[in-house]
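First up is the structure itself, then whatever we jot down about it.
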Amino acid sequence: MKIAVAIDGSENAMRAAKHAIMLAEYLPRVTLEIIYVQDFSKAKDERLLEQSSESLALKREQKMQPILAMAKEAAVEAKVIILRGNPSEEIINYVNEKKIDKLVIGSRGLNSFQEMVLGSVSHKVMKHVVCPVTVVK
């Protein structure tokens with residue numbers, strides 16, 4: 001069985017990861033896939049401000065490390081999937097193509113203004129993935 005959790009570094013994503021790890025603990029032969037989507041539009045802005053691709057990689061690593069540590073502590077097999085592009089589209093494509101059995105996602109990400117204007121990533125993902133989705137508040 002494959003459970004995926006989409007993360008972006010927000011508090012809601014951390015809660016979603018904790019929930020996904022809890023689910024994985026109680027199911028036999030589960031692989032937890034931690035999905036992080038690098039949004040090109042954000043990356044360009046970050047690169048201009050920070051002038052270093054290494055610092056971008058370090059930021060990604062800092063977002064992943066606590067989740068990987070929690071999974072290890074819970075004896076849950078976890079792997080990191082880094083995608084590039086539009087977060088909702090990339091999550092939908094990955095989950096559907098890889099036949100993920102369950103997706104866990106936070107109810108809100110890092111960009112609340114964009115969420116109000118365009119609709120949340122979690123809402124778009126819920127409507128278009130073919131597996132059950134748990135949205136963690």
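Brief remarks follow.
- Where labels lie 7 Å past Cα in the beta-carbon direction, separation of E11 and E97 in nm: 3.5 nm
- Candidate cross-link partners of K98 among the lysines, defined by an alpha-carbon separation under 20 Å and a same-chain spacing of 8 or more, comprise K2, K79, K124, K127.
- A simple spin-label model places pseudo-atoms 7 Å from Cα toward Cβ; at Y26 and Q65 they are separated by 3.1 nm.
- By average C-beta atoms within 10 angstrom, highest first, the peptides 13-25, 84-96: 13-25, 84-96
Only the coordinates and a few stated rules stand behind these numbers; no lab work does. Just so it is clear, the model here is predicted, and its values are computed rather than measured. Virtual Cβ from ideal backbone geometry, glycine too; neighbours counted across all protein chains shown.
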